[in-house]
Structures are given as C-alpha cells and as structure tokens.
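Below: one structure, written as structure tokens.
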Amino acid sequence: MSERLNVHLSALEELLRESGLQIVERKAIPFGVQIVLTDGLSKVPLNIFTSGRISVQGKPSDLQAKLDAWAKQQEATFRGQAPEEERRSQVNILVVAPSRFYQVRNLLAALPGARFVPPRGSALFRAEIEREHQDVAVMLYPSGSLVIQGLASRLLDEITQTLSAYVVKPLDWALVEGAPPAEDERYAVLEDGEASPALAWLQMHCDPQVLWFARPSLFYTLVAAAQLREAWLRENFHLAEARVLVLPFARALGGFVTQLALHLGWVEGGAFTASPTLDVLRGWWERLASAAPDPPVQDALAVAWEALCDALRPEVVLQPTPPLRPEDAEAQISAVLKTITHFYRTWVAPQNTPAASSSAPAEDANDHAEAWIGTDEAGKGDVFGPLVVAGVAVTTETLPQLQALGVRDSKTLDDASILRLAEAIRTLCPHEVLVLEPQTYNALYPQHGSNLNRLLAWAHAQVIVRLARQTGINHALSDQFSAAHELEAAVAQEAPAVHLQQYPQAERDPAVAAASILARAAFLEGLHALQQRFEGVSIPLGATDPRVRQAVRNIYERWGMDGLRAAVKCHFRTVTEALGDAPLHC
C-alpha cells in the first residue's frame with residue numbers, strides 16, 4: 001500500500017471519528033480502494049487511488065458535498081509532488097459490449113492529445129494519449145477487454161473514469177452486469193464445486209464454458225438453483241408444487257437470453273433503461289432459435305420457452321393449475337440447461353473457439369504458420385503439491401515428430417505415459433517449466449490479491465515471455481482458464497509484441513498438449529517429492545477426497561505449521577476445515 005493511500009486512509013479515520021459517519025462497504029479497486037460512507041440519509045462512494053487522487057461519486061447530497069470538500073483538501077496535501085516510487089505501471093480493465101466498440105473508438109479519438117497507432121498482438125486498436133508529460137495507452141481486444149495502461153497518474157485515472165462511466169454504466173442491468181466478472185469468487189465457487197454434487201451435476205448438464213461466459217448474477221443464480229435442487233433430492237422432501245425448483249433456472253435463462261442479445265448487438269444503443277418485456281424476449285428468442293436445430297433440440301427449446309413464460313408470469317406461480325410434478329420439473333430444468341448450452345454453442349462458441357483439428361494448429365485463427373508457443377498448467381485444483389505452468393515452442397519441423405510420439409492432452413494419458421513423453425518433449429522442443437512449490441505458492445497468492453486467476457495469468461505470462469525471448473517466437477496459445485482479459489493484460493505488460501490466443505479446450509493444439517504433459521510431469525514429480533519428505537502420510541490428489549483432510553491433519557500434527565506450508569496450498573477451504581479451531585498461519 002502506497003504512502004499517499006495510507007495518509008488518506010488515516011485522515012479518513014479521523015473524519016469518521018469527528019463526524020460520526022459510518023462505512024457501509026469497503027473493497028479493492030485497481031490501484032486503490034473504494035469506501036462507501038453513509039450519514040444515515042444517503043450513501044456516497046469514495047475512490048482513493050495510490051496516486052493520491054480522491055474521487056467522490058454518487059448523487060448530489062449534503063454528504064457528497066461534504067466529502068468533496070474534504071477530498072480537495074486532502075489532495076492538496078500532495079499537490080506538486082511526484083515521488084518516483086509512485087510512478088509505477090498501472091493497468092485498469094473494463095468490459096465493452098461488442099455493439100459499443102466503435103463508440104469507444106470515437107470517444108477516445110475525441111480526447112485531447114489522443115492518436116491511434118498500429119495495434120500490437122491481437123488488439124483491435126491502440127490509442128495513445130499524451131497530456132502534460134503523462135502518457136496512457138488504451139487497447140481494445142476482440143474479447144471486449146478494454147486495457148488502460150500507463151504510469152500511475154491523474155490522466156490514467158481520469159481516462160479510466162471517463163470510459164467506465166460511458167461504457168460500463170449503461171450495461172448495468174439486474175441480469176446483465178457491465179462490470180468484469182469476479183473471477184476470484186467464481187473460481188472459488190467452482191473449486192468448491194468439486195466437493196458439491198450440485199456443482200458436479202450442473203457442469204454435467206450445462207457446458208462448463210457457459211459458467212465463465214455468464215455474467216456473475218447469472219452464474220450465481222444457476223449455482224443457487226442447482227444447490228436448491230440438490231437439497232431437495234438429498235432431503236427427499238415431498239413437493240406438491242415443484243415449480244419452485246424450475247423458477248430460478250428459468251429466470252437465469254431469461255437473463256442469459258438478454259445477455260446474448262447484448263453480446264450480439266441486438267440491443268439498440270447497447271444499453272438497457274428497463275427490464276425487457278416478454279414480447280422483447282420473444283423476439284430475441286425467435287432469432288436465437290432460428291439456427292434450425294435438430295428435432296430433439298427443438299423440443300427442448302419449446303419446453304424451455306414455456307418454463308421461461310411461467311417464470312415471468314407471477315399469477316402462474318401464485319395460482320398454478322395444475323400443479324407441476326417433480327418429474328415434470330426435472331424435465332423442464334433439463335430443457336432449460338440444454339437450451340442455454342445450445343444457444344451458447346451456436347451463437348458464442350464459434351466466435352471464440354477456432355476450428356482446429358486435433359492433429360494440427362489452427363493457423364487461420366492463431367496466425368502461427370511457422371512457429372508458436374503453447375502453455376498449460378497442472379495442480380491448480382489440488383490441495384497438495386505445486387502449481388506448475390509449462391510452455392512448449394513448436395515449429396513446422398517439430399510438429400510431425402510430436403504427432404508421431406502420440407502427444408495429446410495429458411488428461412487422456414496415464415502417469416507412466418506422461419513421464420515418458422515428457423522426456424521426449426524436453427529433448428525435442430524448447431520449453432519452460434515454472435514450478436511454484438507450496439511454500440512459494442502460499443507467499444505469491446496474497447501478492448496477487450488472493451486471486452488464483454491473477455496468479456495463473458502472471459505465471460503463464462512469465463513462461464510465455466521467457467520462451468519468446470529464448471526463441472524469438474511471437475505467437476502464443478493458451479487454454480482459457482478464466483476471462484480472457486486476465487492473461488491478455490499480463491502478457492501485454494511483459495511482452496506487447498506477442499500475439500496471444502486463448503480458447504477453451506486448447507489442449508487439442510499440439511503445443512498446448514505438449515505443455516500440458518510437461519506441467520503434469522513436473523506436478524507428479526513434485527507430489528512424489530512430498531511423499532518422500534512426509535514419509536508415513538499418504539498424499540492424495542484433488543481437493544474433495546476425505547483422505548485429503550486426513551492427510552492435512554496428519555502433517556499438521558507431526559510437522560506443525562512449517563510442514564503444512566511446505567505441503568499444501570493454504571487457501572483451499574479443505575485445509576481450514578481439516579484444521580478446525582487450529583490457527584492457520586500460511
């Protein structure tokens with residue numbers, strides 16, 4: 001935390017003591033903190049940046065005017081100062097609807113000191129703004145990620161705030177949020193989902209990529225709906241009216257259709273002023289369903305549409321006639337999830353997923369006809385052992401040799417085959433393997449905001465940059481482990497010349513498949529080393545097996561916290577549950 005931010009926070013504490021104001025909410029924002037204050041009559045968000053700038057938001061009110069005067073007085077404390085340590089690189093990220101791409105470009109073009117330069121990597125455009133010896137670069141990527149980058153400065157804060165207000169706020173509707181999804185929270189839910197029958201069931205009946213594509217409110221609605229269904233099955237509770245099981249799934253479907261309409265540019269102006277009516281949803285639905293699917297899919301669409309209409313007509317819920325039986329509710333839920341998956345695969349996946357075969361890289365999509373780098377990771381879902389990220393550089397000369405070896409996704413290979421192929425890949429191809437042993441992992445995790453996706457993005461970027469410098473190759477391909485902007489920003493900061501591609505199931509690409517083998521081999525070797533060190537304790541895989549909790553307890557009892565830090569990734573809930581009341585100091 002910077003000196004300026006600390007000074008402002010200390011002054012704010014003094015203000016709270018003197019004025020009696022209360023903090024409603026406090027959360028981290030890019031290079032700063034947001035604190036929402038209330039006087040009992042109104043609420044005002046206060047953004048305090050490490051650069052020393054303070055931004056007072058919210059509707060005009062007595063509290064807003066009071067805080068604005070306080071902010072100006074505080075900012076004057078550092079006026080004219082620009083310590084070198086404060087002038088560090090800063091990256092802010094917004095999400096833009098595809099229908100707003102040209103409007104964003106026009107807005108940037110109108111900014112004083114702005115000019116467009118040839119974009120780097122996969123960016124659609126790059127604008128550079130220079131004003132009063134301050135420089136900021138803005139890049140827009142096909143995923144909708146708008147990356148605002150430069151040295152920490154008032155100009156960067158102002159541009160971020162301008163774009164945020166113009167781009168994100170109009171998209172902020174109850175079921176279609178404009179802010180970037182909270183990948184850290186989403187990953188934690190999916191990680192816990194390995195232990196949850198509800199999450200396992202949901203990922204079996206709905207394309208897992210939908211859970212990353214959907215906006216946070218939709219994601220959490222689907223999770224809650226699956227948990228409600230699982231609780232009903234577990235308790236074997238008799239339901240005379242089973243619509244209560246269908247309603248959250250159906251309402252999530254309505255939100256998903258709305259999100260697709262926005263994503264596909266069907267919403268006039270790219271903004272919502274009110275919730276869409278049933279007639280508006282029907283128009284979008286007919287367009288989405290026009291892809292002429294097979295008869296079984298058509299049947300599912302018809303059932304799902306009826307469930308959606310029921311969910312949007314409260315009188316049907318209050319006075320159901322006739323009552324819906326549990327078996328019919330299950331059929332409706334299945335149809336809803338099939339529909340969501342069908343719409344995603346028809347209208348979204350073809351735009352994001354290159355049509356690559358299992359035996360050759362997708363040259364048209366990745367533009368790496370001569371050579372490219374593939375990266376993958378292992379160990380992120382395991383309590384014990386390291387997190388490993390590996391990268392492999394492949395050329396048109398080495399590609400046939402990899403294919404002849406039988407290189408494919410490590411998840412389809414047994415351990416013996418992985419270790420054998422890893423040795424051959426290391427001999428044949430330039431490669432990089434970054435192994436974060438548990439002790440290192442536990443130290444780095446909080447440094448990346450206690451956010452696994454940010455840590456993964458950093459690790460992938462390190463591997464890509466090292467291989468790019470080693471080989472001169474500037475094309476890279478990675479499996480998409482979260483929203484695209486995480487890794488895009490990390491690579492853009494370290495190696496802006498690298499053209500990065502991400503898509504789900506990228507392991508079908510030979511370079512990524514080879515990287516998955518090297519990563520898995522290094523993970524297995526790390527697990528074996530742990531087994532040797534903690535002799536007498538069986539070290540299991542995964543995070544949900546009851547043996548994992550037992551192994552955590554055994555290591556803690558015999559080797560204490562030092563031993564545990566060297567063996568496990570401490571942020572897993574499994575670890576805290578296994579220790580019970582014992583303090584966890586990782």
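Among all the lysines, which ones have a C-alpha under 27 Å from residue 27's C-alpha, if same-chain residues fewer than 8 places away are not counted? Correct list for residue 27: 43, 59, 66, 72, 169, 380, 569. Taking every protein chain into account, the 1.4 Å probe leaves residue 344 with about 10 Å² of accessible area, to the nearest ten. Rounded to the nearest 10 square angstrom, residue 13 shows an accessible area of 100 square angstrom against a 1.4 Å probe. For region 461-586, relative contact order (Cα pairs under 8 Å, six or more residues apart, normalised by length) works out to 16 percent. Modelled spin-label separation between residue 224 and residue 573, with each label point placed 7 Å from Cα along the Cα-to-Cβ direction: 1.6 nm. Here region 451-586 is treated with +1 on each Lys and Arg Cβ and -1 on each Asp and Glu Cβ, and its dipole about the Cα centre works out to around 200 debye. Per-residue SASA remark: residue 370, around 130 Å² accessible (1.4 Å probe; ligands, DNA and RNA not included). The distance separating the Cα centre of region 371-445 from that of region 514-586 comes to 21 Å.
Compactness of region 406-490, taken as the C-alpha radius of gyration over 2.2 N^0.38 Å, stands at 1.24.
The values are calculated or read from the model by the stated rules, or taken from the named source; none is laboratory data. Here the structure is a predicted model, which means the values were calculated and not measured. Methodologically, a virtual Cβ is constructed for each residue, glycine included, from the backbone with ideal geometry; neighbour enumeration extends over all protein chains shown. SASA here: full protein model, heavy atoms, side chains in, ligands and nucleic acids out. Shrake-Rupley method; radii C 1.70, N 1.55, O 1.52, S 1.80 Å.
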